[in-house]
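Some notes on the structure that comes next.
Only the coordinates and a few stated rules stand behind these numbers; no lab work does. Every value quoted in this text rests on a predicted model; they were computed, and no experiment measured them. Quick reminder, even Gly has a Cβ in these numbers, built from the backbone with ideal geometry, and neighbours come from all protein chains shown.
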Amino acid sequence: MALYQLQLENQSRPAFGRHDGPPLVRRSPCIVQTEYGPALAEVLESRNFVESSLPPGQILPVIRPATEEDAKRRQRHRQIEREALIFCRDQVRTLRLEMKVVLVHMLFDESRLLFVFTAENRVDFRELVRILAHQYHLRIEMRQVGVRDETKLLGGFGHCGRPLCCSAHLSQFYPITIRMAKDKGLSLNPSKISGRCGRLMCCLRYECPKGKKGPQAAAPEE
């Protein structure tokens, strides 16, 4: 039984998987079981030495190494996802829905087509779901996320020139306050202290005194 660090599609941070069979080759594809179903992943490297520090729920079972047929299947899924993204955005405009479709993902077992979107308010997308289900003959799942989650999914680079913290290493979002920028003596110009998501940069929290990091220290940014 070996532990590996894996890179899943549509996830910025690496995951960990356990495999009971023969050793997996570095940079080889494999199929893992996630909470949403089977998914294609890439083996980054062996990580047996960190197993004791990981909660059991964070280790994904590796079902098997991926085959060439699996790679072709995922390539076919990507084409469907690209077409579904364009089609869904067209339907959103036609129905005049106040929402932004961020990405589309087809589960590896082809049981569902997931549409991720952002919206300022609650959206009645029942008619949109009916249109999508009729178009693709699959179970349709709509998932609303915030603008910070959108940026984490899409990735990018910050003002520092490095990959965004949310997509590179942060496991969760923390409250960020304008007080954190003031305490560092930074300019309060929104363009200087806002990230790609339009919210205050996550790195403003770094190096803050421990007592000032919690939400009770000051009012949150939103």
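What the table below lists for this structure:
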{"read-out": "From the C-alpha gyration tensor of the chain, square roots of 5λ in Å", "value": "33, 28, 14"}
{"read-out": "Peptides ranked, highest mean first, by Cβ atoms within 10 Å: ranges 99-109, 114-124", "value": "99-109, 114-124"}
{"read-out": "Radius, Kirkwood style, for region 1-49 when every pair of distinct Cα atoms is counted (Å)", "value": "10.8 Å"}
{"read-out": "Listed pairs K100/K184; K72/K100; K152/K192 exceeding 27 Å between Cα atoms", "value": "K100/K184; K72/K100"}
{"read-out": "Residue-averaged 222 nm ellipticity for the chain, from DSSP H runs of 4+ at -39500 (n - 2.57), nearest 500", "value": "-8000 deg cm²/dmol"}
{"read-out": "Base-10 log of normalised Debye intensity for region 99-186 (one unit scatterer per alpha-carbon) at q = 0.10, 0.11, 0.14 Å⁻¹", "value": "-0.39, -0.46, -0.67"}
{"read-out": "Förster radius 35 Å - calculated FRET efficiency between S194 and R139, Cβ distance, rounded to 0.05", "value": "0.40"}
{"read-out": "Phi to ³J(HN,Hα) by Karplus 6.51 cos²θ - 1.76 cosθ + 1.60 over region 64-73, Hz, x for Gly, Pro", "value": "5, x, 7, 9, 5, 5, 4, 5, 5, 5"}
{"read-out": "Cut-off under 5 Å, modelled amide H: who pairs with R64 long-range", "value": "I31"}
{"read-out": "Additional length obtainable on full extension of the chain from E9 to R64, 0.36 nm per residue less Cα span", "value": "18.1 nm"}
{"read-out": "Built amide H within the under 5 Å cut-off of L103, gap 5+", "value": "V116"}
{"read-out": "Under Karplus coefficients 6.51, -1.76 and 1.60, residue-wise ³J(HN,Hα) of region 116-122 in Hz, glycine/proline x", "value": "9, 9, 10, 7, 6, 10, 5"}
{"read-out": "Length released on extending from D183 to R162, taking residue separation times 0.36 nm less the Cα-Cα span", "value": "5.2 nm"}
